[in-house]
Amino acid sequence: MPAPLTPSQRDLVHEFGSIYEQYGSQRLKGLLVGLLLVQPDPLSLDDMAGLLGRSKGPISTAVRDLSATGLVRKVDGENARRDYYAAHPDLFLNNFKHNMAIVRKNRRTAEQFLNEMDGDDAHAEAVRNLDQMRAFYTLMESVYEDFAERWEADAARLNGRG
């Protein structure tokens, strides 16, 4: 079992839980991401449950979801019969890409309904709002794409690859 969390580590873990909750995600997922960020070694589900004082079942489900979105990854650990997890090395970029996909979906939604309502005076207000939505998310998408390119260059430099 890993060492208990220090007060600073515990505060950081709980802050991640709050951040995830504010974004409409499960608090537990934020707690797990924060926990894996402060741990020097991979953790098993039992380790996570013990450190967070939570049941293993919900942790298993949350870890599976986090793994599917590229925020957590399965790694080798000290006991070959257990699964161990660590924060994904591209955690922040993968989370950003997930958010970028939502921005793209919002833009496509605006475009879809603009096409369906085009020329129908009964939907004039909706068309004005959807046109603004499309413009907003089109700009946001271009900003996201520029940011992703800049981050990948900076990350390569930080990791000694550039």
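The values are calculated or read from the model by the stated rules, or taken from the named source; none is laboratory data. In this text, all values refer to a predicted model and were calculated from it rather than measured experimentally. With ideal geometry, Cβ positions are generated from the backbone for all residues, glycine too; neighbour counts draw on all protein chains shown. Remember, those area values only see protein heavy atoms, side chains included, never the ligands or the DNA or RNA. Shrake-Rupley method; radii C 1.70, N 1.55, O 1.52, S 1.80 Å.
Filtering the stretch 1-36 to residues that are touching a helix residue (DSSP H, G or I) at 6+ places or on another chain (Cβ under 7 Å) and free of Cβ contacts under 8 Å to residues at least 12 places away in the same chain leaves 19, 21, 27. Filtering the stretch 137-153 to residues that are closer than 16 Å to residue 102 by Cα and open to solvent by less than 90 Å² (accessible area, probe 1.4 Å) leaves 137, 138, 140, 141, 142, 143, 144, 145, 148. All of 107, 134 fail the test of being modelled with pLDDT of 95 or more, charged (D, E, K, R) and open to solvent by less than 50 Å² (accessible area, probe 1.4 Å), apart from 107.
Of 70, 30, all but one fail to be closer than 24 Å to residue 97 by Cα, within 18 Å of the chain's Cα centre (by Cα) and not in a helix (DSSP H, G or I); the exception is 70. Does residue 156 satisfy the condition of being under 22 Å from residue 89 (Cα atoms), part of a helix (DSSP H, G or I) and open to solvent by less than 70 Å² (accessible area, probe 1.4 Å)? Against the criterion (under 22 Å from residue 89 (Cα atoms), part of a helix (DSSP H, G or I) and open to solvent by less than 70 Å² (accessible area, probe 1.4 Å)), residue 156 qualifies. Of all residues being farther than 17 Å from residue 25 by Cα and of a type outside the set (A, V, I, L, M, F, W, C) in the stretch 46-61, which is surrounded by the fewest Cβ atoms within 10 Å (Cβ to Cβ)? Just the residue, please. The qualifying residue surrounded by the fewest Cβ atoms within 10 Å (Cβ to Cβ) is 53. The residues of the stretch 1-27 that are within 12 Å of residue 62 (Cβ to Cβ) and in a helix (DSSP H, G or I), listed by number, are 17, 20, 27.
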